[in-house]
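Notes for the one structure printed next.
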Amino acid sequence: MSDIALLHTTFPDRESAGTVAAAVVDARLAACANILSPCVSVYRWQGAIANDPEVPVLFKTTIPIAKTLRDRITELHPYDVPVIELWPVAVAQAVFDWAERETDA
């Protein structure tokens with residue numbers, strides 16, 4: 001087993017999620033982006049409780065370029081303050097090798 005990085009964030013709609021996903025995969029910053037089913041996020045923002053539909057996305061990349069990917073997603077993201085969570089994830093060696101091949105690791 002080896003580690004890759006998994007980044008998670010949400011977008012306001014499927015279009016912006018797809019645009020960012022395509023851009024970072026094309027730039028070889030992510031090997032894959034999984035655009036998930038819409039969800040509802042409940043959160044506090046600017047003193048009020050918000051309840052908004054969002055589209056979660058999981059990005060798979062290598063550990064060495066995970067922070068570069070996070071920075072690029074932040075630049076492209078339509079939110080003023082996107083929450084981008086980054087976790088190391090143990091995967092099978094074949095998945096690690098694939099992620100390394102498909103990114104500029």
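Each value in this text was obtained by applying a stated rule to the coordinates, not by laboratory testing. Keep in mind that what you see is a predicted model, and the values were worked out from it rather than measured. Don't worry about glycine lacking a Cβ; one is built from the backbone with ideal geometry, like all the others, and counts go over all protein chains shown.
Numerical summary
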quantity	calculated
Estimated vicinal HN-Hα couplings, Hz - the stretch 34-47 in sequence order (Karplus 6.51, -1.76, 1.60; Gly, Pro = x)	9, 8, 8, 5, x, 9, 10, 9, 10, 7, 9, 8, 6, x
Per-residue ³J(HN,Hα) for the stretch 99-104, Karplus 6.51 cos²θ - 1.76 cosθ + 1.60, θ = phi - 60°, Hz, x for Gly and Pro	4, 5, 5, 8, 10, 8
Under the Karplus curve 6.51 cos²θ - 1.76 cosθ + 1.60, θ = phi - 60°, whole-Hz ³J(HN,Hα) for the stretch 26-32, x wherever Gly or Pro sits	4, 7, 6, 8, 10, 7, 7
Identified option (computed Rg/Rh (Cα atoms, Kirkwood Rh); candidates (1) 1.06; (2) 1.01; (3) 0.94)	(2)
Cβ crowding within 10 Å averaged over residues, with 77-84, 13-20 ranked highest first	13-20, 77-84
